[in-house]
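Notes follow once the structure below has been shown.
The values are calculated or read from the model by the stated rules, or taken from the named source; none is laboratory data. Source: prediction; values computed, not measured. Here the Cβ positions follow ideal geometry from the backbone for every residue, glycine too, while neighbour counts run over all protein chains shown. SASA here: full protein model, heavy atoms, side chains in, ligands and nucleic acids out. Shrake-Rupley method; radii C 1.70, N 1.55, O 1.52, S 1.80 Å.
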Amino acid sequence: MGWFRAGSSVAKLAIRRNLSQGGSYAARARILPSQNRYFHTTVFRSKAQAAPVPRPVPLSRLTDSFLDGTSSVYLEELQRAWEADPSSVDESWDNFFRNFVGQAATSPGISGQTIQESMRLLLLVRSYQVNGHMKAKLDPLGLEEREIPEDLDPALYGFSEADLDREFFLGVWRMSGFLSENRPVQTLRSILTRLEQAYCGSIGYEYMHIADRDKCNWLREKIETPTPMQYNRQRREVILDRLIWSTQFENFLATKWTTAKRFGLEGGETLIPGMKEMFDRAADLGVESIVIGMPHRGRLNVLGNVVRKPLRQIFSEFSGGTKPVDEVGLYTGTGDVKYHLGTSYDRPTRGGKRIHLSLVANPSHLEAVDPVVVGKTRAKQYFSNDMDRTKNMGILIHGDGSFAGQGVVYETLHLSALPNYSTGGTIHIVVNNQVAFTTDPMAGRSSQYCTDVAKALNAPIFHVNADDMEAVAHVCELAAEWRQTFHSDVVVDLVCYRRFGHNEIDEPSFTQPKMYKVIRNHPSALEIYQNKLLESGQVNKEEIDQIQNKVNSILNEEFLASKDYVPKRRDWLASHWTGFKSPEQLSRIRNTGVKPDILKNVGKAITVFPENFKPHRAVKKVYDQRAQMIETGEGIDWAVAEALAFATLLVEGNHVRLSGQDVERGTFSHRHAVVHDQETGEKYCPLDNVIMNQNEELFTVSNSSLSEFGVLGFELGYSMENPNSLVIWEAQFGDFANGAQVIFDQFLSSGESKWLRQTGLVLLLPHGYDGQGPEHSSARLERFLQMSDDNPYVIPEMDPTLRTQIQECNWQVVNVTTPANYFHVLRRQIHREFRKPLVVMAPKNLLRHKDCKSNLSEFDDVQGHPGFDKQGTRFKRLIKDQNDHSDLEEGIRRLVLCSGKVYYELDEERKKVDAKDVAICRVEQLCPFPYDLIQRELKRYPNAEIVWCQEEPMNMGGYSYIAPRLFTAMKALGRGSIEDIKYIGRAPSAATATGFYQVHVKEQTELAQKAVQREPINYPF
């Protein structure tokens, strides 16, 4: 082996220098970028400069552990001190010297081994552990030209060819692997041979960044085995069968659909058998369910071969597919391309167990599915009572470009150890094509590897040459073992290539000519593995042909069957969603009122503290006021209404989860769901104590990391798992929610239509113009309304006992103005036979507004109480004018329709000028539009001028959405044209609001005055 490369005086100088300076080699190395365009990396090089003169180290500084000391003078002084008094040195040094002396006395082969040589050898082993991956043969194309770090050169440590057959003792206290105490004495040659096999073969291990000795030792035990890992004949046959399936599947699709986009796995076919080995090992270690998220590359192969989606269905989708036949209540949505779809399946494992696999549907937005998978996994753990987080696991498959480039990757990794977001570890597999579409790695990232972001989380990273099938299988099993042992994230970097372009009709040699010249002549992983097995004599040609013929036969049978394949009713929701209605199945409205005694009981439970608990005096005052509200039944404010909604749902057995930035206290210091003892720091959550022996996670309120995209994606995934849960994400301010725009656009607004998956996720987006400037005023209401799919020119069926309108709409957008209505809209999310996302423009100044109060009687279901009508107590989509108007008021000259907190300002101005001939109605639910209630008010005020009033600029807020729908309602009553809808609000603007408080006050005053002015309003304003 070519271990020695440093024979010059420069090398000897470097040896002296390195042994006379403390600290790590990497810290002093100069980083040089590789010249290779395809396997982007950096290397360490020693500086050839004058070595400083070694200086003695004072005994007072001899407290470091031995691995940190590399000065020869230091060692000699340390040895003398130990010989004089063993207790004067650190325990690790004492152990080291005892081992050294003991071995030297009994083994003549190492009698000449000096302390300095022992230290140098230890440092050499450590260099392999730290930098061995830099020498590993990772690139299957052989295009990498990484220079080997000089840290791995034995000559750097003073060894020569003459030392190769000398024996050395390596035992060290509390270390594993090569450095463990129980390893026999070995020659330098055998040590170097095994180091090369372990760290510089087809697998490159990165784990020395993990600051946990036990974890590193565990990995060393797995990596630094006395002999290399070998699979037996039986295992090799299973792996071969799986690799043939993976390869033949892609070949078959390429033959049958030559020009179709399929984002094939050619060049990375070993992913499939690797995943299967990982799942088998995970099942053996107790995993029962796996949630998978992945991009389009290789997705069809994973669907067909790993998750077992029927091949005939996949082939039918290639042929254009057909929409499912008409069935009662069948909802097919708009559908999505085949390489975005998900599915689920229970598959048997090699060990005789069964494991549930679900592949989450996702858009083309790379990595956007990551937090969704993690959230869904966490929900599975809650609903299966998997408190150890060992039965349910998430697996994410990434591309090399997106893993390094997409910020949501870090946002998701960052959730991994947070108490209310941890899933006990996610396994990440990077399908590393060494090119992102057409971009070379050196242009796509600044880091050495695409996986370097995972080092921030102390995750071990296993780089593996994807052409070495058994190495892939080994690291996939090792990843499963790590996850089940340490319950933390782990990364497998599958270094492969992409045999064709980004898609099959793309020409990659336009931009990567050198790479694709090599690829054209490169054998497939299957060919390489077949040859390996044939050479070993464990498998013969006939057996290989037999497997290939079996696979081809099945593929052809499924292809023929696909021509007659008619999709049955979709397995569109998991078993615990059974009975929930699709948008084409009618659902009746349910009441959301609660019995008065239940309201009183839970109200008391959520307003008391344990004995001897000492909250902040201001918080105690808030809770005393809340107790008074419950006692008197009057003046219920926003926070109490919310707590009552949560508490009553908990009593009914529903899971409630609220997360987001600062939600425990609330951005505006209104919620105080978690209270802190001012002396002990102990926390208390009243909503955790609503019922006897309450599960600690039944109600979860959790401050999140400072992330929108990642956390909202997590909560979306959580909400999709089980319908009997109210899952809420609250933005710190609604203005910041657009950091998660991909989740709004690609998942929340369109997920049911594309993938037939329902969610009842609630978004609380603080919104309102209070003079706080353009980044603290608007949740961008207009964007949510613009994405809603209801037809502005067609009035739907508005039967008062059914709610087909909401079922057929993609989501609901509300801007609620009373605590009672907020209570009912939250409870409505659960008390219905379907699930829809709910977007709430949450208030800010209404949280403490003197008029924004409700009586407890508006929350109950008692006939005759406010809010009770002939259908019962429920959410009001529109709140009529609060003056005592009859069903026909011909004297009202203006009907002002508005939404949100501006109502209170309009009402105050109306009282001020005594404008009793102006009616103000609140549209609480903007989407879907309440045509029936709007028409009721239009009939009530036949002579009124019709006005839409809003705080937002004209090009924002509800105006663009409301105007055509209001016109449709008017037209059906013969009530004028679009020009008869007057506008009051701010003029069009690029920014959401002014940054000058005085300007804000002036604008707000003018729009309130205009709404009640005597003169008619000009069109449009």
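Within the range 570-617, if we keep just the residues that are modelled with pLDDT under 70 and basic (Lys, Arg), the residue that is farthest from Ala820 (Cα to Cα) turns out to be Arg570. For Gly298, the requirement of being at pLDDT below 95 and open to solvent by less than 10 Å² (accessible area, probe 1.4 Å) is met.
Can you tell me which of Glu221, Glu206 is open to solvent by less than 20 Å² (accessible area, probe 1.4 Å), acidic (Asp, Glu) and at negative phi? Steps first, answer last, please.
Details: Glu221 fails: open to solvent by less than 20 Å² (accessible area, probe 1.4 Å).
None of the other options fit; the residue is Glu206.
Looking only at residues of the range 678-722 that are in contact with a strand residue (DSSP E or B) (Cβ under 7 Å, 6 or more places away or on another chain) and farther than 30 Å from Phe834 by Cβ, we find that the one that is most open to solvent (accessible area, probe 1.4 Å) is Lys683. The residues listed here are Ser160, Ser190; of these, the one that is open to solvent by 40 Å² or more (accessible area, probe 1.4 Å), without any contact (Cβ under 8 Å) to a residue 12 or more places away in the chain and not assigned by the TED database to the domain that holds Arg499 is Ser190.
Number of residues in the range 745-772 that are over 20 Å from Thr667 (Cβ atoms) and not polar (S, T, N, Q) equals 10. Considering Glu543, Glu535, Glu507, the condition of being within 21 Å of Gly264 (Cα to Cα), surrounded by fewer than 21 Cβ atoms within 10 Å (Cβ to Cβ) and among the charged types (D, E, K, R) is satisfied by Glu507 alone. The set of residues in the range 472-490 being open to solvent by less than 10 Å² (accessible area, probe 1.4 Å) and either touching a Phe, Trp or Tyr at 6+ places or on another chain (Cβ under 7 Å) or under 30 Å from Ala254 (Cβ atoms) (or both) consists of Val472, Ala473, Val475, Cys476, Leu478, Ala479, Val490.
Identify the residue in the range 264-285 that is outside any helix (DSSP H, G or I) and at pLDDT 95 or above and, among all such residues, is farthest from Glu367 (Cα to Cα).
Keep residues of the range 264-285 that are outside any helix (DSSP H, G or I), which gives 264-270, 285.
With at pLDDT 95 or above added as a condition, the list becomes 270, 285.
Numbers: Thr270: 22, Leu285: 28 Å.
Applying the filter and picking the extreme gives Leu285.
Residue-by-condition table, conditions (1) part of a loop (DSSP other than H, G, I, E, B); (2) of a type outside the set (Phe, Trp, Tyr); (3) without any contact (Cβ under 8 Å) to a residue 12 or more places away in the chain:
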residue: Lys620; (1), (2), (3): no, yes, yes
residue: Ala627; (1), (2), (3): no, yes, no
residue: Ile630; (1), (2), (3): no, yes, no
residue: Glu634; (1), (2), (3): yes, yes, no
residue: Val640; (1), (2), (3): no, yes, no
residue: Thr648; (1), (2), (3): no, yes, no
residue: Val656; (1), (2), (3): no, yes, no
residue: Asp662; (1), (2), (3): yes, yes, no
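Taken over the range 74-93, the residue count meeting the criterion of being at pLDDT 80 or above and either under 17 Å from Leu122 (Cα atoms) or among the small types (Gly, Ala, Ser) (or both) is 4. For Leu781, the requirement of being modelled with pLDDT of 95 or more and assigned by the TED database to the domain that holds Glu652 is not met. Of all residues in the range 648-664, none are in contact with a Gly (Cβ under 8 Å, 6 or more places away or on another chain), open to solvent by less than 10 Å² (accessible area, probe 1.4 Å), closer than 14 Å to Phe859 by Cα and not basic (Lys, Arg).
Condition test on Thr968, is it assigned to a helix (DSSP H, G or I), out of contact with any Cys (no Cβ under 9 Å at 6 or more places or on another chain), of a type in the set (Val, Ile, Thr) and surrounded by 13 or more Cβ atoms within 10 Å (Cβ to Cβ)? Yes, satisfied.
Looking at the range 131-153, can you tell me whether even one residue there is among the aliphatic types (A, V, I, L, M), open to solvent by 10 Å² or more (accessible area, probe 1.4 Å) and touching a Ser or Thr at 6+ places or on another chain (Cβ under 9 Å)? Checked the range 131-153: no residue is among the aliphatic types (A, V, I, L, M), open to solvent by 10 Å² or more (accessible area, probe 1.4 Å) and touching a Ser or Thr at 6+ places or on another chain (Cβ under 9 Å).
Kindly establish whether Ile830 is within 33 Å of the chain's Cα centre (by Cα) and not assigned by the TED database to the domain that holds Glu715.
Taking the combined requirement at face value, the residue does not satisfy it.
The residue that is farthest from the chain's Cα centre (by Cα), counting only those in the range 441-450 that are in contact (Cβ under 8 Å) with a residue 60 or more places away in the chain and open to solvent by less than 20 Å² (accessible area, probe 1.4 Å), is Pro441. Hey, among the residues in the range 880-894 that are closer than 20 Å to Gln935 by Cβ and of a type in the set (Asp, Glu), which one's surrounded by the fewest Cβ atoms within 10 Å (Cβ to Cβ)? The extreme case among them is Asp887. Could you list, in sequence order, the residues of the range 854-863 that are in a loop (DSSP other than H, G, I, E, B) and buried (at least 20 other Cβ atoms within 10 Å of the Cβ)? Hit for the range 854-863 is Phe859, nothing else. Scanning the range 664-698 for residues that are within 22 Å of Thr423 (Cβ to Cβ) and touching a residue at least 40 places away in the same chain (Cβ under 8 Å) gives Glu697, Leu698.
Against the numbered list (1) among the aliphatic types (A, V, I, L, M); (2) in the same structural domain as His487 (by the TED database); (3) more than 17 Å from Val491 (Cβ to Cβ), Met294 comes up short only at (3).
Of the residues making up the range 994-1012, those that are open to solvent by less than 40 Å² (accessible area, probe 1.4 Å) and touching a strand residue (DSSP E or B) at 6+ places or on another chain (Cβ under 8 Å) are Gln1004, Leu1007, Ala1011, Val1012. For first residues located in the range 871-894 and farther than 13 Å from Ala919 by Cα, partners that are among the hydroxyl-bearing types (Ser, Thr, Tyr) and open to solvent by 20 Å² or more (accessible area, probe 1.4 Å) and lie 6+ apart or on another chain with Cβ distances below 8 Å form the pairs Gln871/Thr801.
What helices (runs of 4 or more DSSP H), lying completely within the range 471-566, carry at least 2 residues that are at pLDDT below 90, in contact with a helix residue (DSSP H, G or I) (Cβ under 7 Å, 6 or more places away or on another chain) and more than 21 Å from Asp400 (Cα to Cα)?
541-562
Among what's in the range 942-965 and is at negative phi and assigned to a loop (DSSP other than H, G, I, E, B), pick the residue that is surrounded by the most Cβ atoms within 10 Å (Cβ to Cβ). Outline the logic, then answer.
Of the residues in the range 942-965, the ones at negative phi are 942-956, 958-965.
Then keep just the ones that are assigned to a loop (DSSP other than H, G, I, E, B); that gives 942-944, 954-956, 958.
Values: Pro942: 13, Asn943: 12, Ala944: 21, Met954: 17, Asn955: 13, Met956: 23, Gly958: 27.
Looking at the filtered set, the residue picked out is Gly958.
Residues satisfying the criterion are present in the range 134-156 (criterion: at pLDDT 90 or above, assigned to a helix (DSSP H, G or I), in the same structural domain as Tyr199 (by the TED database) and under 34 Å from the mean Cα position of the chain (by Cα)).
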